[in-house]
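Enquirer: Pasting a structure below so you can have a look.
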């Protein structure tokens, strides 16, 4: 991870060390002076609760300060090219955390800037969330290669990042997605060719069978509002309810990256059940992102 964190594949062979570091940080409510005297810019083109809070708290716990910026408060998305914005940012700030639509924004910030860039979300990937979710699994069952996860619903940015996570950490992942709503086909193919235990099905019951973790997300993510009615029809059979959870392994956990639309992608019964670990996932965003930032900024300083 040479000073940036754009995708889970950036972690390399020592990815497990990041899980252990997040566990250490969580156990002692970790604080440090790593970022003392440094200012980290948070660029958010998409609104957020968990991502903003967890990163801002994390930066402060590492001793740094934050500036939060949206397109309405800057030249982002207006006439100024990202290439120029990147060069200006690098002269004011010590790092950039970006929640945006296009992966190309990240590429340009990396190419034209000279400070660390962390991907907080794009339309194609959500690596910090996915790593936090793997950490949440790891807390319960550290032998990740023995585990099975079912993904039920849209093959969105979360699904893409979980495919990368399955490839890196070795757990089995079955994605149940309706036709036309599959994850990135090139990413899926590359993972399978690399030996990852990842497969695609149309049948949620097939995916949930024997799974230790059953994961879903909203049917209409940010940017898909105009498709909401169409998506409600397409995904009608993709609700994680008690019947679907009953097909999973004994003691299986329900996962969701939030916010949830109870009664759509998940029943209220499942969401509020003892099987639900969604708020552990949300908390773990803080600890995992602190571990990511520690690695990124330590390497950038070396």
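Enquirer: Answer rounded, prolate or oblate for region 95-154, using the Cα gyration tensor with square roots of eigenvalues a ≥ b ≥ c: rounded when a/c is under 1.5, else prolate when a/b is larger than b/c, else oblate. Walk me through the numbers on the way to the answer.
Expert: On the way: a/c = 3.65, a/b = 2.04, b/c = 1.79.
Cα axes put region 95-154 in the prolate bin.
Enquirer: Please state the relative contact order of the chain as a whole percent: Cα pairs under 8 Å, 6+ residues apart?
Expert: Numbers: 573 pairs, mean separation 60.9, N = 302.
The normalised contact order for the chain reaches 20 percent.
Enquirer: Right, another one. What do you get when you divide the Cα radius of gyration of region 45-167 by 2.2 N^0.38 Å, with N the number of residues?
Expert: Working: Rg = 16.3 Å, N = 123, 2.2 N^0.38 = 13.7 Å.
That works out to 1.19 for region 45-167.
Enquirer: Under the rule of -39500 (n - 2.57) per DSSP H run of 4 or more residues, summed and divided by the residues of the chain, what mean residue ellipticity at 222 nm is obtained, to the nearest 500 deg cm²/dmol? Can you show the working numbers first?
Expert: Numbers: 12 runs with 126 residues, N = 302.
Counting only the DSSP helices, I get -12500 deg cm²/dmol.
Enquirer: If you restrict to DSSP beta bridges whose two residues both lie in the chain, what percentage is antiparallel, to the nearest 5? Each step should come with its number before you reach the end.
Expert: Details: 0 of 35 bridges.
Just about 0 percent of them are antiparallel.
Enquirer: Another question, if that's okay. Could you work out the relative contact order of region 129-281? I mean the mean sequence separation of Cα pairs under 8 Å and 6+ apart, divided by the number of residues, in percent.
Expert: Values: 284 pairs, mean separation 35.2, N = 153.
The normalised contact order for region 129-281 reaches 23 percent.
We did not get these values from a lab; they are worked out from the coordinates using the rules stated. Everything numeric in this text was worked out from a predicted model, so none of it was measured.
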